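I have a structure I would like to understand better, so I am pasting it below and will then ask my questions one at a time.
The values are calculated or read from the model by the stated rules, or taken from the named source; none is laboratory data. In this text the structure is predicted, and so the values were computed from the model without any measurement. Neighbour counts run over all protein chains shown; Cβ positions are idealised from the backbone, glycine included.
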Amino acid sequence: MNVKERVRDSTIGRSIFRIPERVTERDRAAGHWASFLMHLYPVKVRRVELTFKYSAFLGVASLVLFGSLLVSGIFLMFFYVPSPANAYGNIQAIQTEVPFGQYLRNVHRWSAHLMVLAVAAHMARVFYRGAYKSPKEFNWVIGVLLLVVTLLLSFTGYLLPWDQLAYWAVTVGTAMASYVPIVGDQVRDLLLGGPTVGSATLLRFYVLHVAVLPVALVALVTAHLWRWRKDSMLTTDEIGDPDEPVAKLQPGLPMTEPANGEPIVLDGKRVLGVVPGKPAAGDRKELSDEDPVMVWPHLLVRHAVAALAVLFVVLLIALTFDAPLKEIANPTDTPNPEKAPWYFAALQELLAHFHPLVAGVLVPGAIVMGLMALPYMDRNPRFGPEFRRIARITFTIFMVIWIILTLIGFAFRGPSWSWVWPWEEWHGEL
Ligand code: HEM
């Protein structure tokens with residue numbers, strides 16, 4: 001008997017561990033299904049999903065950052081009243097009087113910026129892997145909605161400190177809404193609750209930020225993860241001969257079916273599962289990337305390490321840099337330049353060159369619609385990079401253009417949107 005077995009077998013051990021030790025895969029799968037938290041995960045994933053290269057754990061990072069935002073956001077809510085008379089003073093009090101207030105405000109602010117980055121990077125990783133292809137098309141669409149909600153969450157939160165940075169960033173951001181054809185002014189009035197950013201705007205943004213958008217995000221993430229869980233065994237990244245027919249993978253096949261969809265047949269009868277025996281030591285075969293492995297412990301341990309790493313980075317940034325707080329919002333003192341938050345800097349840069357209808361409405365509309373339509377337009381069934389040159393090059397060109405425009409708008413624009421260098425005083429604030 002080894003130490004573990006002795007502990008389990010002792011009087012105290014038996015009082016703690018009611019369930020007999022799970023040895024076979026079938027036993028372990030039953031344990032997985034019996035646990036609420038584990039049940040959120042599939043029982044098995046393809047071995048390749050364990051690698052950093054596969055997902056860079058960016059979906060998990062997005063989820064952890066959202067968790068960090070929820071916890072720090074609830075803390076901030078205890079000390080914040082969304083009215084122009086109180087908001088700014090509340091934030092000052094959080095920073096100076098509330099124990100750990102400054103620190104938790106930092107955690108909230110930096111987690112928000114990091115979440116925008118993580119979600120965008122997760123989308124790019126999923127794209128390059130071709131993981132939006134059948135049968136995951138709709139999960140990609142849910143993902144695009146998640147990206148939009150994440151941006152809106154960040155943007156509505158931006159106004160809440162009610163300082164000059166917040167006030168003018170939101171003035172610029174909401175001005176674009178008025179260029180929506182026909183209903184533009186109504187959309188803007190609906191967002192602002194009046195002709196300019198004021199007390200009604202602050203209350204609306206607050207309700208959107210702490211109730212409507214988080215609930216929408218939780219609902220969408222739940223659907224997203226549920227579909228990921230159901231589909232997790234269904235993609236093959238195999239790079240095959242382009243003339244070979246691609247194995248059609250269907251949702252709902254039991255996990256014991258081989259990847260080509262042919263049922264396992266024993267003595268002429270179709271069987272649903274195979275109970276694996278323990279192979280003799282010298283008999284173990286090398287696992288390929290496509291072989292299923294148990295999620296517990298292999299994937300869960302990696303996800304836990306990724307989650308801790310993300311939290312560590314957030315804590316470190318929050319200890320090093322304080323979230324900005326400028327002077328109190330002053331509607332009569334327009335800063336020059338007025339800058340939108342960095343994730344809208346590319347759109348603001350486009351506004352300087354094109355009609356607002358094009359830059360503020362048609363371009364963002366086309367980007368969101370184009371992303372949603374992508375899995376239905378790209379009918380190439382292959383996953384391997386060599387079969388997806390055009391898709392990958394097109395996506396990369398768009399991303400590089402967007403990053404350059406963001407950098408220009410954020411760091412290289414000064415008074416009246418003239419060109420300046422980043423070390424001059426006008427660069428954007430986070
Ligand atoms: C709040 C935002 C998001 C969260 C919390 C989130 C979370 C996750 C998680 C935890 C996974 C499984 C593990 C992984 O692949 O990393 C996943 C998979 C996936 N995500 Fe997201 N995601 C978000 C946004 C997005 C966006 C913006 C897209 C694309 C537009 C997207 C598309 C996908 C797809 C297609 C999968 C399945 C990948 C596969 O099975 O290979 N997600 N997501």
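Assuming Y132 fulfils every condition listed in (1) of a type outside the set (D, E, K, R); (2) buried (at least 17 other Cβ atoms within 10 Å of the Cβ); (3) part of a helix (DSSP H, G or I) apart from one, which condition is it?
Unmet condition: (3).
Please count how many residues of the range 329-381 are under 19 Å from A169 (Cβ atoms), assigned to a loop (DSSP other than H, G, I, E, B) and without any contact (Cβ under 8 Å) to a residue 60 or more places away in the chain.
1
Let me ask something else about it. With S68, S55, S83, S72 as the choices, which residue is hydroxyl-bearing (S, T, Y), more than 16 Å from the ligand (Cβ to nearest atom) and either buried (at least 17 other Cβ atoms within 10 Å of the Cβ) or within 19 Å of V215 (Cβ to Cβ) (or both)?
S72
Restrict the check to the range 362-382 and report whether at least one residue is under 27 Å from L152 (Cβ atoms) and in contact with a Pro (Cβ under 7 Å, 6 or more places away or on another chain).
No, the range 362-382 has no match at all.
Mind checking which residues of the range 403-416 are hydrophobic (A, V, I, L, M, F, W, C) and buried (at least 17 other Cβ atoms within 10 Å of the Cβ)?
Scanning the range 403-416 gives L405, F410, A411, F412.
Count, please, the residues in the range 86-129 that happen to be modelled with pLDDT under 95 and either buried (at least 20 other Cβ atoms within 10 Å of the Cβ) or away from the ligand (no atom under 16 Å from the Cβ) (or both).
0
Let me ask something else about it. When only residues in the range 32-50 that are in contact (Cβ under 8 Å) with a residue 60 or more places away in the chain and in a helix (DSSP H, G or I) count, which is surrounded by the most Cβ atoms within 10 Å (Cβ to Cβ)?
Selected residue: E49.
Only one of L308, L325, L300 is among the aliphatic types (A, V, I, L, M) and in a loop (DSSP other than H, G, I, E, B); which?
L325
Which one is farthest from the ligand (Cβ to nearest atom) among residues in the range 36-52 that are within 20 Å of T222 (Cα to Cα) and among the hydrophobic types (A, V, I, L, M, F, W, C)?
That would be F36.
If you take the residues of the range 304-361 that are polar (S, T, N, Q) and under 25 Å from the mean Cα position of the chain (by Cα), which of them is surrounded by the fewest Cβ atoms within 10 Å (Cβ to Cβ)?
Restricting to residues being polar (S, T, N, Q) and under 25 Å from the mean Cα position of the chain (by Cα), the top hit is T320.
Let me ask something else. Kindly establish whether G384 is within 21 Å of the chain's Cα centre (by Cα) and of a type outside the set (A, V, I, L, M, F, W, C).
It is false that G384 is within 21 Å of the chain's Cα centre (by Cα) and of a type outside the set (A, V, I, L, M, F, W, C).
How about the range 185-228: which of its residues are in contact with a helix residue (DSSP H, G or I) (Cβ under 6 Å, 6 or more places away or on another chain) and either farther than 26 Å from V116 by Cα or among the polar types (S, T, N, Q) (or both)?
Hits for the range 185-228 are D185, G193, G194, T201.
To continue, here is another question. Looking at R389, is it at pLDDT below 90 and basic (K, R)?
No, not satisfied.
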